[in-house]
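Read through the structure below, which is laid out as structure tokens, and then see the notes.
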Amino acid sequence: MTAPVAVSLVVTDLDGTFWLTDDHVPEATLAAVARLDELGIPLLVATGRRLTSTRGPLDRFGLAPAAVVLNGALGVELATGTRFHRAPYPTEQAVAVLEACRSVGCDPVVYLDHPDLDACISATPTTHPGHVAGFGTAVRTADLARVVAEESVLGFSMIGVPFPAAEAAVAAIDGVAETHVDRSIDYPGTASFTAAPRGQSKWDGVLAFCAHRGLDPTRVLALADGPNDLELLDGAAVRLVPEVSHPAARERADHVIAPPADGGWAEVLDHLGPVS
């Protein structure tokens with residue numbers, strides 16, 4: 001029988017894992033986060049969200065952990081703003097993704113590592129109006145062809161769009177980038193599409209964080225639920241997956257936990273292995 005892993009790091013996805021919606025985190029979950037801190041076990045967020053939409057909701061609950069955002073493109077210590085990981089698109093790959101999306105009539109959101117902006121959009125973006133509104137002043141209308149040719153591009157997305165539009169974009173991109181399509185949590189009945197640089201995943205950011213903090217990457221516990229979490233789950237030594245998850249994530253689960261709305265995330269405390 002294999003001995004339990006003494007966990008050195010807890011990594012968590014947000015949407016569908018840590019919370020159901022970002023306006024509510026159960027007290028049991030917050031208490032579990034506090035307990036991890038008492039035990040000296042770092043917490044790392046790994047999400048497809050952009051930096052601002054990751055930092056803001058966590059801050060409302062008094063949390064500022066390190067975070068890997070945009071599916072592994074950027075790693076930031078939220079408390080200080082220090083970057084520990086940055087992996088933008090090669091220019092030719094970013095250009096190819098935009099051209100592929102436009103070939104099927106889609107104008108995606110283009111994410112940047114920029115001091116004043118999270119993203120750029122065209123005058124007619126293929127994303128839900130609520131998604132655009134959520135950027136506030138952190139988005140700018142621009143010539144996307146120029147942006148992908150000249151700026152440091154971290155990712156692409158279309159949120160709250162019909163599934164056929166998202167699936168057409170995936171087919172057009174055809175392996176040029178890492179694409180993911182899942183159900184939209186914010187806009188039921190629609191799809192969320194993301195495209196990250198080819199070969200990139202959340203696990204890249206986890207490895208960078210382990211190197212940054214001097215942690216053992218073979219002792220990672222991961223909590224996640226989506227198709228963009230598969231490499232993260234594959235890399236982790238202990239894998240916790242909520243009851244309602246993507247089938248491929250469920251297949252990788254060592255343990256299935258209760259839904260995030262019920263505080264299932266707090267079950268992490270039961271799977272830390274020997275704690276000094």
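The values are calculated or read from the model by the stated rules, or taken from the named source; none is laboratory data. Because the structure is a prediction, the values reported are computed rather than measured. All Cβ positions, even for glycine, are placed from backbone atoms using ideal geometry, and neighbour counts span all protein chains on display. Heavy atoms of the whole protein, side chains included, go into the accessibility calculation; ligands, DNA and RNA do not. Shrake-Rupley method; radii C 1.70, N 1.55, O 1.52, S 1.80 Å.
In whole Hz, with x marking every Gly and Pro, tabulate ³J(HN,Hα) for the range 200-213 from phi via Karplus 6.51 cos²θ - 1.76 cosθ + 1.60, θ = phi - 60°.
Values per residue, Gly and Pro as x: 9, 8, 4, 4, 4, x, 5, 4, 5, 5, 4, 5, 4, 9 Hz.
Restricting to Cα pairs below 8 Å that are 6+ residues apart, what does the relative contact order work out to for the chain? Please round to a whole percent.
Value for the chain: 24 percent.
Tell me the relative contact order for the range 136-276 as a rounded percent, counting alpha carbon contacts under 8 Å between residues six or more apart.
This gives 15 percent for the range 136-276.
Which whole-number value in Å² is the accessible area per residue of the range 32-89, probe 1.4 Å? Intermediate values should be presented prior to the final figure.
Numbers: 2140 Å² over 58 residues.
Computed with neighbouring chains in place, this is 37 Å² per residue.
Can you run phi through the Karplus equation (6.51, -1.76, 1.60; θ = phi - 60°) for the range 214-226 and list ³J(HN,Hα) in whole Hz, with x for Gly and Pro?
Along the range 214-226, the couplings run x, 9, 7, x, 8, 10, 9, 9, 10, 10, 6, 9, x Hz.
Could you compute how much accessible surface Glu27 exposes when probed at 1.4 Å, giving the result in Å² to the nearest 10?
140
Considering every Cα-Cα pair within the chain, what fraction, in whole percent, is farther apart than 32 Å?
Here the tail beyond 32 Å accounts for 20 percent of pairs.
Which value, in Å² rounded to 10, gives the accessible area of Phe61 with a 1.4 Å probe and all protein chains present?
Result for Phe61: roughly 60 Å² accessible.
Name every cysteine in the chain that ends up alone, with no second cysteine's Cβ under 4.7 Å, or say none.
Singleton cysteines: Cys120, Cys210.
Which angle between 0 and 90 degrees, to the nearest 10, do you get for helix 27-39 versus the longest principal axis of the chain when only C-alpha atoms count?
Value to nearest ten degrees: 70.
Could you tell me the accessible area of Glu243 in Å² (1.4 Å probe, neighbours in place), rounded to the nearest ten?
Approximately 100 Å² of Glu243 is accessible to the 1.4 Å probe.
Where the convex hull is taken over the Cα atoms of the range 22-75, what is its projected area averaged over directions, in nm²?
Averaged projected hull area, Cα only: 3.7 nm².
Please determine, in degrees from 0 to 90 and to the nearest 10, the orientation of helix 51-60 with respect to the longest principal axis defined by the Cα atoms of the chain, where the helix direction is its Cα long axis.
40
With an 8 Å Cα cut-off and a minimum separation of 6 or more residues, compute the relative contact order for the range 95-136 in percent.
It comes to 31 percent, rounded to a whole number.
How far is helix 91-103 tilted, in degrees, relative to the longest principal axis of the Cα atoms in the chain, given as a value from 0 to 90 rounded to the nearest 10?
That helix lies at roughly 70 degrees to the long axis.
Counting Lys and Arg as +1 and Asp and Glu as -1, each charge on the Cβ, what is the dipole of the chain about the Cα centre in debye, to the nearest 20?
320
Towards the positive end of the charge dipole of the chain, with charges on Cβ (+1 Lys, Arg; -1 Asp, Glu), say which of Thr218, Phe163, His271 has the farthest Cα.
Result: Thr218.
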